[in-house]
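Notes follow once the structure below has been shown.
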Amino acid sequence: IGYDQPFRPQFHFTSLRNWLNDPNGMVYLDGEYHLFFQHNPLDKVWGNMTWGHAVSKDMLHWKQLPHAILPYAGGTIFSGTAAVDVDNTLGVQQGGNKTLVAAFTFAKQPFYQAMAYSTDRGRSFSLWNEGQAIVPNQGYDPGERDPKIFWHKPSQKWVMVLWVKQAKPGRVLFFNSEDLQNWKEVSQFDRDWVFECMDLVQLPIDGDPKNTKWLLYDASFEYEIGEFDGKTFTTDHKVYRGDYGPNYYAAQSFNNMPDGRCVSIGWMRGDNHPFLKEDMPFNQQMSFPTTMDFRTTEEGLKLYRWPVQEIESLYEETLSLGKTDLAAASAKLQTFPAELVDLSIEFAADNTTELVLYLRGEKIEYREGAFNYAGTTVPAKPIDGVVSLRVLVDRASVELFANEGAAVSTHYATFEPLNRSLGLSSKQDVRIRTLTVHRLMSAW
Ligand code: FRU
């Protein structure tokens, strides 16, 4: 069936056929990024959960492989994470290939956490201990799912972060292990906001890899920033929002990145897309991969997200304007129709500035210090008199990155396939600082 249907995303991951939800087991090993995903192999709606599997060398061009983990013993396979067993703590390494371990939720009441492993670079997986529990049910049903595991170097231990409790306050349990088989609870973290698919990562502050804090976020991408010593996560209780849009859910980040970056992908959950109406062979898509960093701002430490630079390899043609007025910028933009777009604009602004950006019939409005799109308000106060926006447009999505990624908003969108028009307007004479538009090639 291929990947060229009129509403099939061209630089975002979709399964070849049928339903997907959460990204699972995101990990880098030996030149390859692995993206596993909650997948219904039989239907375009949720059900029969398995781990689908795709690999890529650049997080853009994906090749879907056979399913990695299939239901067994009457239970389906829910979300989880993968990691490279660098020091062979499990003791099953074959030759020079590091073992890939995948921790997942065995979804049959009462749920428990189990593990699979691969000694052939993810080409085939075996259930550990016949798929029996590595962490047995903790008595919190119907929660207890989506284990995040990673190697914590300073304490030389594996860590598992497990969401267990739905009633408020929700609860996250932290476990330690030395061998991936025996896990011991080491702390609890109780908060109202926590719900499903926890991820915990260490991120640099202001680009300094020696100055770091930890980010803990849940499926809705609420987050707290704190310290983590391998056992306990401590914070000042301030909760933030990592995405303003309606379609970013259950994100996780790649384990074992080769270059110090932290890159996350979310499931674009929702039904405000054209896939079913237009009878696409698949349903749901992943977000574009974004790096995550902390920056010091006037409001304190904040999470910044930004599309991975690998996107540049898809640039086909570029329109680039320096300082200009709005009329001139708008006229130039109209001569540059595009379907797949990576657009960046920087303009002089104060609290009264208003501006409208038109993208293939969709309208993004800047007013009162925020971008407004499809009912969502994305805050973007002028910084030293300047506001910036970067927008990625694919066949079924719009992703907004305001003020260098300080505020991000992820959306499905339905375009007229043949509408390629771009434009700008304002009642005011807004000074454009820069405007850069890249037309993208398909990654398929
Ligand atoms: C989040 C989620 C997870 C669960 C999975 C099942 O979207 O509900 O908590 O593991 O989906 O598909």
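Does F111 fit the bill of being surrounded by 24 or more Cβ atoms within 10 Å (Cβ to Cβ) and in contact with a strand residue (DSSP E or B) (Cβ under 6 Å, 6 or more places away or on another chain)? It would help to see each step written out before you state the result.
Values: surrounded by 24 or more Cβ atoms within 10 Å (Cβ to Cβ): no; in contact with a strand residue (DSSP E or B) (Cβ under 6 Å, 6 or more places away or on another chain): yes.
No; evaluated as a whole, the condition is false for this residue.
Does at least one position in segment 75-84 carry a residue that is surrounded by fewer than 16 Cβ atoms within 10 Å (Cβ to Cβ) and touching a strand residue (DSSP E or B) at 6+ places or on another chain (Cβ under 7 Å)? The answer is no; no qualifying residue exists.
Taken as a whole, the condition of being farther than 25 Å from H53 by Cβ, assigned to a loop (DSSP other than H, G, I, E, B) and more than 24 Å from the chain's Cα centre (by Cα) does not apply to D120. Quick check on my filter: what residues within segment 172-199 are of a type outside the set (D, E), buried (at least 20 other Cβ atoms within 10 Å of the Cβ) and within 16 Å of the ligand (Cβ to nearest atom)? Listed by number, the residues that qualify are V172, L173, V194, C197, M198. Pairing each residue of segment 4-25 that is part of a strand (DSSP E or B) with any residue that is within 16 Å of the ligand (Cβ to nearest atom) and basic (K, R), provided the two are 6+ apart or on different chains, yields C-beta distances under 9 Å for N18/K44; W19/K44; N21/R269; D22/R269. Please go through segment 1-41 and give me each residue that is surrounded by fewer than 23 Cβ atoms within 10 Å (Cβ to Cβ), out of contact with any Pro (no Cβ under 9 Å at 6 or more places or on another chain) and on the phi > 0 side of the Ramachandran plot, ordered by number. Correct list: G2, D30.
Name the single residue that is surrounded by the fewest Cβ atoms within 10 Å (Cβ to Cβ) among those in segment 363-403 being acidic (D, E) and out of contact with any Ser or Thr (no Cβ under 9 Å at 6 or more places or on another chain).
D384
Go through (1) under 30 Å from G47 (Cα atoms); (2) in the same structural domain as E404 (by TED's automatic domain parsing) and name the single condition F275 misses. The one condition F275 does not meet is (2). With respect to the conditions (1) farther than 18 Å from Y373 by Cα; (2) surrounded by fewer than 19 Cβ atoms within 10 Å (Cβ to Cβ), S425 lacks only one, and its number is (1).
The values are calculated or read from the model by the stated rules, or taken from the named source; none is laboratory data. Quick caveat: nothing in here was measured; it's all calculated off a predicted structure. Heads up, the Cβs are rebuilt from the backbone with ideal geometry, glycines too, and the neighbour counts pull from every protein chain shown.
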